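The values are calculated or read from the model by the stated rules, or taken from the named source; none is laboratory data. These numbers were taken from a predicted model, which means no experiment stands behind them. Don't worry about glycine lacking a Cβ; one is built from the backbone with ideal geometry, like all the others, and counts go over all protein chains shown. The protein model used for the area step is the full one, side chains on, heavy atoms only, and it has no ligands, DNA or RNA in it. Shrake-Rupley method; radii C 1.70, N 1.55, O 1.52, S 1.80 Å.
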Amino acid sequence: MFAGALLLSGSCVLAGNDPIERTFTEPRADVERAVAAAKSNSSGKLPALEGFVGQMLRPVERYEKAYYQCIFQVIPSLTGETSVRVTAKITAWYDDPDRQKSGYEVLPSNGRLENDALDRVEQILGPDASTDAEKLPNKKYDLSLGSVMPRGTVPGVAGRARRETRPAPVVTMSSSVNEEEIQELRTKRVAAEKRVQQLNHAMQNLQQLYDSQSKPNNLVAIKKTGTPVYAHPEEGGKPLFTATAKDQFEMVELRGEWIHVNISGESRGWIRKTQVEFPDDGAGAKRTGVDAKSTELFRVTREEIGTFPGNWEPLRGKSVKLYSVQPAQSPSQETLARDKRNFAKELFLRAMQEQSTAEATIAGVVVIFDSADGGQASSTLAWLKLWRDGKISESAFWDACSLDPAETFSAAPKKP
């Protein structure tokens, strides 16, 4: 239950920043009034996260709509002084390439917001200061102005050094305090220790959850920030957007020098193969079911929509997408049956994807190998959908296809 309270919109980020504490010699009642006045100007929207957050696990530029809130705690000490402890809670929307993983997250603070809040408390307690919240200067964060104050100084309080501790100061002397204050401190200490135990337990649960999560095995990662993602596999058009280094996308297919990727939901895009990194030295390309090597052994010489050229009953007389292909080096070159099947599979997937936006409706796909050993592979669109959606195995899919002649796609290559 507790671990769930730390998550926003399905995100697995645990905010673990420590509070900042400062001790004041003014009476406790005055400190409490100053804190009450400072609270009115201790929350709002941040212009950016840079300069306010601690170490991040994800790219900071993918966050937006950042907000903060400072939480104050007034703690009397046995020395007669009063400490003010401030914890800043920062939230922002994370725009994940996979929209289903986007959501608000709680981010760690680097201490700047806490120190600014304590500065306002100290300013209110200073000479001739007003505790009227409407007269208190509002803190406007502007990154271009570099608003971090030097340590040991407080705006409007000349010559007064701040005192800052983390954790709370250790008491080594006794003074006159009542039993009620001592009991209050004991209660708060027990609550703080319990809170630490809960946080440690929650952190362990989250780490176990993260370690056990299964990750897609067909992801490609962007090498360099500013990499363009196109709507079509051609560089002439305007990019859909530019990706950031280390951004990951699920690969749909590999087509020559282009990678077809899933952007979000039904959205797709194209990226140059040379601009991405494959997991396991390129093995990720094979996990889509298409051998990257086979796409380099053949080239498409012609593609068109026409009537099925044969008597296979499922497609006889029907409109199909026709691909004519040749070996990349020479038409007389003999090729492996496995390479032919892999390249036919790549073209099947390509035609399937293009059919979702095409005006003409086809009943199937035909790949004709114009080479010395020849061969023709044909499939209906219905069987292609079943295989793509994982409803049938690849072996069952090939059994449902027309492979003519069958030995060209299943036997070993001919020996010279």
Residues of the range 70-91 being open to solvent by 10 Å² or more (accessible area, probe 1.4 Å), hydrophobic (A, V, I, L, M, F, W, C) and in a strand (DSSP E or B), which ones? 70, 71, 72, 74, 75
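Quick test for you: out of 64, 81, 32, pick the one residue that is under 31 Å from the mean Cα position of the chain (by Cα) and at negative phi. Steps first, please.
Values: 81 fails: under 31 Å from the mean Cα position of the chain (by Cα); 32 fails: under 31 Å from the mean Cα position of the chain (by Cα).
64 is the lone residue from the list that is under 31 Å from the mean Cα position of the chain (by Cα) and at negative phi.
Test residue 57 against the criterion of being assigned to a loop (DSSP other than H, G, I, E, B), hydrophobic (A, V, I, L, M, F, W, C) and without any contact (Cβ under 8 Å) to a residue 60 or more places away in the chain, and give yes or no.
Numbers: assigned to a loop (DSSP other than H, G, I, E, B): yes; hydrophobic (A, V, I, L, M, F, W, C): yes; without any contact (Cβ under 8 Å) to a residue 60 or more places away in the chain: yes.
Here the answer is yes, as residue 57 does meet what is asked.
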In the range 304-332, anything buried (at least 16 other Cβ atoms within 10 Å of the Cβ) and not in a strand (DSSP E or B) is listed as 308, 312, 314, 315
Scanning the range 191-225 residue by residue, the ones that are at pLDDT 80 or above, surrounded by fewer than 11 Cβ atoms within 10 Å (Cβ to Cβ) and within 30 Å of residue 251 (Cβ to Cβ) total 0
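Can residue 368 be described as within 25 Å of residue 269 (Cβ to Cβ) and touching a strand residue (DSSP E or B) at 6+ places or on another chain (Cβ under 7 Å)? Lay out the reasoning, then the answer.
Numbers: within 25 Å of residue 269 (Cβ to Cβ): no; touching a strand residue (DSSP E or B) at 6+ places or on another chain (Cβ under 7 Å): yes.
Considered against the rule, which asks whether it is within 25 Å of residue 269 (Cβ to Cβ) and touching a strand residue (DSSP E or B) at 6+ places or on another chain (Cβ under 7 Å), residue 368 comes out as no.
Among the listed residues 317, 364, identify the single one that is under 25 Å from residue 261 (Cα atoms), of a type in the set (Gly, Ala, Ser) and touching a Ser or Thr at 6+ places or on another chain (Cβ under 7 Å). Don't jump to the end; show me each part of the working.
On the way: 317 fails: under 25 Å from residue 261 (Cα atoms).
The match here is 364.
Just to verify a result, which residue in the range 382-412, among those that are open to solvent by 80 Å² or more (accessible area, probe 1.4 Å) and part of a helix (DSSP H, G or I), is farthest from residue 335 (Cα to Cα)? Steps first, answer last, please.
Narrowing the range 382-412 to residues open to solvent by 80 Å² or more (accessible area, probe 1.4 Å): 383, 385, 388-389, 391, 399, 404, 407, 410, 412.
Those left that are additionally part of a helix (DSSP H, G or I): 383, 385, 388, 399, 407.
On the way: 383: 26, 385: 28, 388: 26, 399: 21, 407: 13 Å.
It comes out as 385.
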Within the range 49-69, residues farther than 22 Å from residue 35 by Cβ and surrounded by fewer than 16 Cβ atoms within 10 Å (Cβ to Cβ) come out as 50, 51, 54, 55, 56, 57, 58, 59, 60, 61, 64, 65
Residue 390 versus (1) among the small types (Gly, Ala, Ser); (2) under 22 Å from residue 260 (Cβ atoms); (3) touching a residue at least 12 places away in the same chain (Cβ under 8 Å): which is the lone unmet condition? (3)
Looking at the range 355-368, can you tell me whether even one residue there is open to solvent by 10 Å² or more (accessible area, probe 1.4 Å) and under 14 Å from residue 324 (Cα atoms)? yes
Go over the candidates 171, 177 one by one and state the one that is in a loop (DSSP other than H, G, I, E, B) and either open to solvent by 80 Å² or more (accessible area, probe 1.4 Å) or modelled with pLDDT of 50 or more (or both). 177
So residue 36 clears everything in (1) closer than 13 Å to residue 118 by Cα; (2) hydrophobic (A, V, I, L, M, F, W, C); (3) crowded, with 17+ Cβ neighbours inside 10 Å except one condition, right? Which one? (3)
Contact list please: Cβ distance under 7 Å, first residue in the range 16-29 and farther than 23 Å from residue 89 by Cβ and free of Cβ contacts under 8 Å to residues at least 60 places away in the same chain, second residue among the acidic types (Asp, Glu) and open to solvent by 40 Å² or more (accessible area, probe 1.4 Å), pairs at least six apart or on different chains. 25/81
Answer residue from the range 369-381, given it is surrounded by fewer than 21 Cβ atoms within 10 Å (Cβ to Cβ) and among the small types (Gly, Ala, Ser) and is farthest from residue 303 (Cα to Cα) among those: 372
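Do you know which residues across the range 92-103 are among the hydroxyl-bearing types (Ser, Thr, Tyr) and buried (at least 19 other Cβ atoms within 10 Å of the Cβ)?
Here is the first cut: in the range 92-103, the ones among the hydroxyl-bearing types (Ser, Thr, Tyr) are 94, 102.
The answer is 94, and nothing else.
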Does residue 69 qualify as being at pLDDT below 90, under 25 Å from the mean Cα position of the chain (by Cα) and either of a type outside the set (Asp, Glu) or within 24 Å of residue 20 (Cα to Cα) (or both)? no
